[in-house]
1. When you look at TYR41, is it among the aromatic types (Phe, Trp, Tyr) and in contact with a helix residue (DSSP H, G or I) (Cβ under 9 Å, 6 or more places away or on another chain), yes or no?
2. Run down VAL83, VAL77, VAL53, VAL66 and say which single residue is in a helix (DSSP H, G or I), buried (at least 16 other Cβ atoms within 10 Å of the Cβ), assigned by TED's automatic domain parsing to the domain that holds LEU122 and in contact with a helix residue (DSSP H, G or I) (Cβ under 8 Å, 6 or more places away or on another chain).
3. Determine if segment 3-11 includes at least one residue that is over 27 Å from LEU166 (Cα atoms) and either surrounded by fewer than 19 Cβ atoms within 10 Å (Cβ to Cβ) or touching a helix residue (DSSP H, G or I) at 6+ places or on another chain (Cβ under 9 Å) (or both).
4. Please find, within segment 229-251, the residue that is modelled with the lowest pLDDT out of those that are buried (at least 17 other Cβ atoms within 10 Å of the Cβ) and either closer than 23 Å to SER90 by Cβ or out of contact with any helix residue (DSSP H, G or I) (no Cβ under 6 Å at 6 or more places or on another chain) (or both).
5. Considering each of ALA3, ALA46 in turn, give the residue that is more than 25 Å from LYS93 (Cβ to Cβ), within 24 Å of the chain's Cα centre (by Cα) and in contact (Cβ under 8 Å) with a residue 40 or more places away in the chain.
6. Just give me the residues in segment 154-199 being among the aliphatic types (A, V, I, L, M) and over 20 Å from SER229 (Cβ atoms), in sequence order.
7. So the check is Cβ under 9 Å with 6+ separation or different chains; which pairs have a first residue in segment 19-42 that's farther than 22 Å from GLU113 by Cα and at pLDDT below 95 and a second one that's assigned to a helix (DSSP H, G or I) and small (Gly, Ala, Ser)?
Amino acid sequence: MSAQILIVEDEEAIARGLQFNFEQEGYAAVMFGDGPSALKYFEEHAGEVDCVVLDLMLPGMSGYEVCRAIRARDGVVPVPVLVLSARMLSEDKAYAFDCGTDQYMTKPFNLPELLSRVKNLLDRRTRLARLTAPAPATVMAAYEFGSVHVDFGKFELRKGDQTSALTTMELQLLRYFCEHEGTVLPRNRILRDVWDQAAEVTTRTIDNFVMRLRKYIEDDPAKPRHLLSVRGTGYRFVAHPDDITQLEVII
């Protein structure tokens, strides 16, 4: 069964062009020109939508609101969302990522790059689905440190009495840190292992995601004890900060 892509775009020429090209790639594609209609379809076809290509400036409700609503209704494996917008300010991009966007492209866009990014997002979702499915005991399903419990299958993090839902990239980055507990990880290594090479990200992107993770896991994000910065290199995750051993650096 081919993957289904939900196109949310109010410029009909762009929407139809996207639909045509996605179908040429073998995907099923449905399109809507406003936020409420697209969200209604998403709710009525739970589990059928595999990726969302989303404009931000939409009638009825903004793309930001649509993305937040999708994240609130997501299943065990979140549906990847790629924003395709004429908005180019860094604040717009940052807010889109805060709403749960996985990738962000600006208009005008390069079609082969867009198709490549969608393919990467779909491939990543397939890998995540395998990770969250019943698997051998060697797959990390959950992780505990301090007062924090992370359920990778449910995309949830619990700290004390507070439970937070993680986005796809937050989950992948935190899992990567947990899997390399105690090791100093250079930023370029994190970019290579966690983000797709086609993604429009920089080392600053890592810093932003680390700040978000610290808000979830640290008692005082300004004075982190678990997710430590290593000056000039990258980061080191420490599950038990009272028992820090010699640093190991992977390049």
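1. No, not satisfied.
2. Numbers: VAL83 fails: in a helix (DSSP H, G or I); VAL77 fails: in a helix (DSSP H, G or I); VAL53 fails: in a helix (DSSP H, G or I).
That would be VAL66, the only listed residue that is in a helix (DSSP H, G or I), buried (at least 16 other Cβ atoms within 10 Å of the Cβ), assigned by TED's automatic domain parsing to the domain that holds LEU122 and in contact with a helix residue (DSSP H, G or I) (Cβ under 8 Å, 6 or more places away or on another chain).
3. Yes, the conditions are met somewhere in segment 3-11.
4. That would be GLY234.
5. Just a single option satisfies the conditions, and that option is ALA3.
6. LEU157, ALA165, LEU166, LEU171, ALA198, ALA199, listed by residue number.
7. Short answer, once both residue conditions are applied: GLY35/GLY63; GLY35/ALA69; LEU39/ALA69; PHE42/ALA69.
The values are calculated or read from the model by the stated rules, or taken from the named source; none is laboratory data. Only a predicted model underlies this, so the values are computations on that prediction, with no experimental measurement involved. No Cβ is skipped: glycine too gets one built from the backbone with ideal geometry, and neighbour counts run over all protein chains shown.
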